[in-house]
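A.B. asks: Starting off with a structure, shown below.
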Ligand SMILES: Cc1cc2nc3c(=O)[nH]c(=O)nc-3n(C[C@H](O)[C@H](O)[C@H](O)COP(=O)(O)O)c2cc1C
């Protein structure tokens with residue numbers, strides 16, 4: 001154990017606020033190597049899916065994925081997110097129609113500039129979003145831009161986008177790990193989601209996750225991923 005001149009928490013802090021021992025299970029290098037490799041292997045098979053089966057997915061799986069996502073770290077532990085899980089067919093249809101209208105303006109009326117459209121070309125995405133109606137669940141993530149204290153005053157939230165982005169990544173991971181598929185879908189501008197889902201003014205749509213089983217034989221773009229030496233720098 002190294003010697004800390006400024007241990008955390010200092011005794012004064014520990015008097016003022018509750019602290020508990022982490023109780024961390026230390027692992028051998030061999031065990032960590034094995035766990036790291038198998039987790040990477042699992043994550044390497046994750047792909048965004050754009051055609052889902054209509055096979056139902058039990059609600060408790062979605063609840064567990066949301067719980068897992070909500071273990072994410074967040075600025076000052078404000079947990080500035082709301083997950084709205086929709087399986088109601090009429091609501092999914094409303095979301096599909098509104099998303100397709102925004103995407104029609106993006107793709108057909110060229111609201112997305114040429115550069116953007118060129119970058120998307122290999123993915124072959126367009127304004128048709130049938131999956132929004134067919135996937136058994138749509139999980140819409142909202143950022144809570146600020147919160148409310150028990151006395152009704154405004155509670156500032158910190159690093160909202162960063163926090164919600166991390167939680168969204170953990171949601172994707174949870175869904176993949178349990179054997180389901182998803183897609184981060186952002187039919188911008190997404191203001192329609194706040195109206196359709198009756199969310200309060202402090203909430204802003206962040207992403208839609210259709211969740212379900214992939215349609216049998218579904219295809220995905222044949223993409224590569226950057227190798228380690230192109231994404232990481234080590235100073236050791
Ligand atoms: C923030 C974000 C927004 C995205 N928005 C869309 C979208 O609106 N429509 C879509 O088809 N894919 C969308 N994607 C999925 C990406 O195209 C996909 O992640 C990328 O092509 C890599 O493929 P993979 O997820 O299968 O590895 C989005 C991804 C991210 C991270």
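A.B. asks: Could you please find all residues in the range 123-141 being part of a helix (DSSP H, G or I) and either touching a strand residue (DSSP E or B) at 6+ places or on another chain (Cβ under 9 Å) or within 18 Å of residue 47 (Cβ to Cβ) (or both)? Spell out the reasoning first.
C.D. replies: Initially, the range 123-141 is screened for residues part of a helix (DSSP H, G or I), giving 123, 131-134.
Within the range 123-141, 123, 131, 132, 134 qualify.
A.B. asks: On to the next question. Filter the range 101-122 down to the residues that are assigned to a helix (DSSP H, G or I) and away from the ligand (no atom under 12 Å from the Cβ) and list them by number.
C.D. replies: Our first condition is that a residue be assigned to a helix (DSSP H, G or I); within the range 101-122, this holds for 101-107, 114-122.
The answer is 101, 104, 105, 114, 115, 117, 118.
A.B. asks: Now, a different point. When you scan the range 44-78, how many residues do you find that are at negative phi and either away from the ligand (no atom under 16 Å from the Cβ) or modelled with pLDDT under 95 (or both)?
C.D. replies: We begin by selecting, within the range 44-78, every residue at negative phi; these are 44-75, 78.
Now drop any that are not either away from the ligand (no atom under 16 Å from the Cβ) or modelled with pLDDT under 95 (or both), which leaves 53-68, 70-71, 73-75, 78.
Selection size over the range 44-78: 22.
A.B. asks: Among the candidates 68, 14, single out the residue that is over 23 Å from residue 128 (Cα atoms), over 27 Å from the mean Cα position of the chain (by Cα) and in a helix (DSSP H, G or I).
C.D. replies: Details: 68 fails: over 27 Å from the mean Cα position of the chain (by Cα).
Just a single option satisfies the conditions, and that option is 14.
A.B. asks: Next question, about the same structure. Output yes when any residue across the range 145-152 is surrounded by fewer than 10 Cβ atoms within 10 Å (Cβ to Cβ), in contact with a strand residue (DSSP E or B) (Cβ under 6 Å, 6 or more places away or on another chain), over 29 Å from residue 51 (Cα atoms) and without any contact (Cβ under 8 Å) to a residue 60 or more places away in the chain, and no when none is.
C.D. replies: The first filter runs over the range 145-152 and keeps only residues surrounded by fewer than 10 Cβ atoms within 10 Å (Cβ to Cβ), leaving 149-152.
Filter again for in contact with a strand residue (DSSP E or B) (Cβ under 6 Å, 6 or more places away or on another chain), leaving 149.
Within this subset, residues satisfying the condition of being over 29 Å from residue 51 (Cα atoms) are 149.
Still in the running and without any contact (Cβ under 8 Å) to a residue 60 or more places away in the chain: 149.
The answer is yes; a qualifying residue exists.
A.B. asks: Just for the range 85-100: of the residues that are touching a helix residue (DSSP H, G or I) at 6+ places or on another chain (Cβ under 8 Å) and away from the ligand (no atom under 15 Å from the Cβ), which one is nearest to residue 168 (Cα to Cα)?
C.D. replies: 85
A.B. asks: Which pairs do you get when a residue that is under 19 Å from residue 204 (Cα atoms), found in the range 77-105, comes within reach of a residue that is at pLDDT below 95 and within 16 Å of the ligand (Cβ to nearest atom), reach meaning Cβ atoms under 8 angstrom, with the pair 6+ apart or on two chains?
C.D. replies: Close Cβ pairs (under 8 Å, with a partner that is at pLDDT below 95 and within 16 Å of the ligand (Cβ to nearest atom)) amount to 103/126.
A.B. asks: Let me ask another. For residues that are assigned to a loop (DSSP other than H, G, I, E, B) and at negative phi, tally how many sit in the range 17-32.
C.D. replies: Taking the range 17-32 as the starting set, the residues that turn out to be assigned to a loop (DSSP other than H, G, I, E, B) are 17-28.
Going one step further and asking which of them are at negative phi, we end up with 17-22, 24-28.
Summing the residues that are assigned to a loop (DSSP other than H, G, I, E, B) and at negative phi in the range 17-32 gives 11.
A.B. asks: Just to be sure, is residue 228 touching a helix residue (DSSP H, G or I) at 6+ places or on another chain (Cβ under 9 Å) and either exposed (fewer than 12 other Cβ atoms within 10 Å of the Cβ) or in contact (Cβ under 8 Å) with a residue 60 or more places away in the chain (or both)?
C.D. replies: no
A.B. asks: How about the range 203-236: which of its residues are within 17 Å of residue 87 (Cα to Cα) and within 11 Å of the ligand (Cβ to nearest atom)? Show your work before the answer.
C.D. replies: Taking the range 203-236 as the starting set, the residues that turn out to be within 17 Å of residue 87 (Cα to Cα) are 207-214.
Those that are within 17 Å of residue 87 (Cα to Cα) and within 11 Å of the ligand (Cβ to nearest atom): 207, 208, 209, 210.
A.B. asks: Still on this structure, I have one more. Considering each residue of the range 165-191, count those that are under 15 Å from residue 138 (Cβ atoms) and either away from the ligand (no atom under 13 Å from the Cβ) or out of contact with any strand residue (DSSP E or B) (no Cβ under 8 Å at 6 or more places or on another chain) (or both), and give that number.
C.D. replies: At the first step, the residues of the range 165-191 found to be under 15 Å from residue 138 (Cβ atoms) are 168, 171-172, 175, 180-187, 190.
Filter once more, keeping what is either away from the ligand (no atom under 13 Å from the Cβ) or out of contact with any strand residue (DSSP E or B) (no Cβ under 8 Å at 6 or more places or on another chain) (or both): 180.
Total meeting the criteria: 1.
A.B. asks: Pick from 179, 147, 152: which is modelled with pLDDT under 95 and over 27 Å from residue 121 (Cβ atoms)?
C.D. replies: Working: 179 fails: modelled with pLDDT under 95; 147 fails: modelled with pLDDT under 95.
Within the list 179, 147, 152, the selection yields 152.
A.B. asks: Let me ask you something else. Within the range 192-202, identify whether any single residue is within 16 Å of the ligand (Cβ to nearest atom) and either touching a residue at least 12 places away in the same chain (Cβ under 8 Å) or surrounded by 12 or more Cβ atoms within 10 Å (Cβ to Cβ) (or both), and answer yes or no.
C.D. replies: Applying the first criterion (within 16 Å of the ligand (Cβ to nearest atom)) to the range 192-202 yields 192-193.
Those left that are additionally either touching a residue at least 12 places away in the same chain (Cβ under 8 Å) or surrounded by 12 or more Cβ atoms within 10 Å (Cβ to Cβ) (or both): 192-193.
Yes, some residue in the range 192-202 is within 16 Å of the ligand (Cβ to nearest atom) and either touching a residue at least 12 places away in the same chain (Cβ under 8 Å) or surrounded by 12 or more Cβ atoms within 10 Å (Cβ to Cβ) (or both).
A.B. asks: Which numbered condition trips up residue 41, out of (1) within 16 Å of the ligand (Cβ to nearest atom); (2) under 15 Å from residue 196 (Cα atoms); (3) loosely packed, with under 13 Cβ neighbours inside 10 Å?
C.D. replies: Every condition holds for residue 41 apart from (2).
The values are calculated or read from the model by the stated rules, or taken from the named source; none is laboratory data. Just so we're clear, the structure is a prediction, and the values are computed from it rather than from any experiment. Backbone-built Cβ (ideal geometry, glycine too); neighbour counts: all protein chains shown.
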